[in-house]
Amino acid sequence: MLTLYLHIPFCKARCSYCDFYLVTGMEHIDLFFSALSLETASRSADLKGRTIGAIHFGGGTPSMVPVHYLSGWLEQIAALCSFAPDIEIALEANPEDLDEKKMDELQAAGITRLSIGAQSFMPEKLYALGRAHTALQSNLVTASALQRFKSVSVDLICGVPGENLSMWEADLYKALTLRPHHLSVYMLSVEPKTILHHQIAKGMLSVPDDALQASLYEHAQGVLLRQGYNHYEVSNFSLPGHHSIYNLATWKREPYLGFGPSAHSFFLSEEREERTANVSSLVRYLSAPTAAVAFREELSAEERFTEHVFLALRINSGLDVDFLRKENKLGQGLLQSITRFEERGWIEQQDGRLYLTEKGFLFADLIAEEFISG
Ligand code: SF4
């Protein structure tokens, strides 16, 4: 199955914690979609004869874009390949962009899944994150989206400045009152050069320490499992049948094509695996959309192994022990590592596969690193 990603690089303003590639304002929206059309046409050979299982509009803020631009691109794609009957067409949306009319238009354009960047239902957390929407908007929009779309996901962030366990409990409770089909729960990460990083460096704010962050995450795991959500990836929880098809495909290392500035693609064949990345500059993208690829790399056997271990451990289908035994560099040390992680309660073995436990999800990267390099 092939999946597609479109990176829409526009946001109204930059949130204090965000380091994604984006530009503020939408002055170049027309030029952007003209360039996208050229990029898409230039890649028609990659699309021809293929069946698309999922299309993901990410960003940036795709919900800012007038819907006719999105449907125009979907029509262009549909003319070049075919869509699976149960295709997922997902759009990342900010609550302040969504009203009844916009949601009707998105539905009519074929969007099946809305991923709402609520981040929190608590005014003080939204303020600390520099978000443009209110808690009330998150609430109303999520409730309304649940009446319309096949799947509705809500993003939540824990560990914002000043947050403690009781605040996080209250936030989770508010989200769960709405019973979204899917929740993505992220621990706040303070990235260099962000406003948040600057505020922390100046002593204006402080974030919860690692132990508190971990307990907030563990609390969410417990609550969501008790509420019937399936923990299918480190940060993602879904009710049955509502996992993200696009995200799961990328974690399973299935091929995908990315369009727009800074979008990545992954090509896979019997002989080779290749990753490419488009240029992370709107100006350069607009000036040469048919030559947008700025980086191309064929993966070595070692890189394929590294990716496979990192990604397979993150999801609940686990990692094949025989594969690990054949490819790893630890030799006899592998068995010791597995036993040590089992004793700590971080991994479990079943039917020849290794699975992270709920406790182990917190240490996914550490475990993968040890399996890869010892
Ligand atoms: S809306 Fe999303 S992409 Fe845009 S600045 Fe905020 S966090 Fe970053």
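Values quoted throughout were computed directly from the atomic coordinates according to the rules given, and no laboratory measurement underlies them. Only a predicted model underlies this, so the values are computations on that prediction, with no experimental measurement involved. Counting neighbours? That spans all protein chains shown, and the Cβs are built from the backbone with ideal geometry, glycine included.
Points worth noting:
- Computed over the chain with a Gaussian network model linking Cα atoms closer than 10 Å, the most mobile of R113, R14, R226 is R226.
- In terms of other Cβ atoms within 10 Å, H308, H68 run from fewest to most in the order H68, H308.
- The alpha carbon gyration tensor of the range 198-269 gives principal lengths a ≥ b ≥ c with a/c of 1.5 or higher and a/b no greater than b/c, which makes the shape oblate.
- Distance between the 7 Å Cα→Cβ label points at L225 and T51: 3.6 nm.
- Shown is the FRET efficiency for S269 and A132, computed with R0 = 51 Å from the Cβ-Cβ distance and rounded to the nearest 0.05: 0.70.
- Ellipsoid semi-axes in whole angstrom, largest first, where each is sqrt(5λ) of the Cα gyration tensor of the range 101-169: 27, 11, 9
- Reference-scaled alpha-carbon Rg (2.2 N^0.38 Å with N residues) for the chain: 1.01
- Over the chain, relative contact order from alpha-carbon pairs under 8 Å, at least 6 apart, %: 16
- Label positions at Q349 and H198, each projected 7 Å from the Cα along the C-beta direction, are separated by 5.2 nm.
- In order along the range 3-18, the phi-based Karplus estimate (6.51 cos²θ - 1.76 cosθ + 1.60, θ = phi - 60°) of 3J(HN,Hα) comes to 10, 10, 10, 10, 8, 9, x, 9, 9, 5, 8, 8, 6, 5, 9, 8 Hz; Gly and Pro are listed as x.
- Calculated [θ] (222 nm, deg cm²/dmol) that DSSP helices of n ≥ 4 give over the chain, each run adding -39,500 (n - 2.57): -12500 deg cm²/dmol
- The trypsin sites (Lys or Arg not before Pro) found in the range 279-350 that occupy coil by DSSP, while having at most 15 further C-beta atoms within 10 Å, are K329, R344.
- Kyte-Doolittle at least 1.0, axis length at least 18 Å by Cα - qualifying DSSP helices, the chain: 29-42
- Tail beyond 24 Å, pair distance distribution of the range 56-213 (Cα, percent): 40
- Summed side-chain charge close to E303 - residues other than E303 whose Cβ falls under 10 Å, Lys, Arg +1, Asp, Glu -1: -3
- Subtracting the Cα-Cα distance of D365 and A291 from 0.36 nm times their residue separation leaves 23.2 nm of extension gain.
- Exposure proxy ranking for K150, K48, based on other Cβ atoms within 10 angstrom of each Cβ and starting from the fewest, stands as K48, K150.
- With semi-axes defined as the square roots of five times the eigenvalues of the C-alpha gyration tensor, the equivalent ellipsoid of the range 302-373 measures 16, 13, 11 Å, largest first.
- Excluding exposed DSSP-loop GluC sites (Glu not before Pro) (at most 10 other C-beta within 10 Å), longest clean stretch of the chain: 28-269
- For the chain, share of DSSP beta bridges that run antiparallel, in % to the nearest 5: 40
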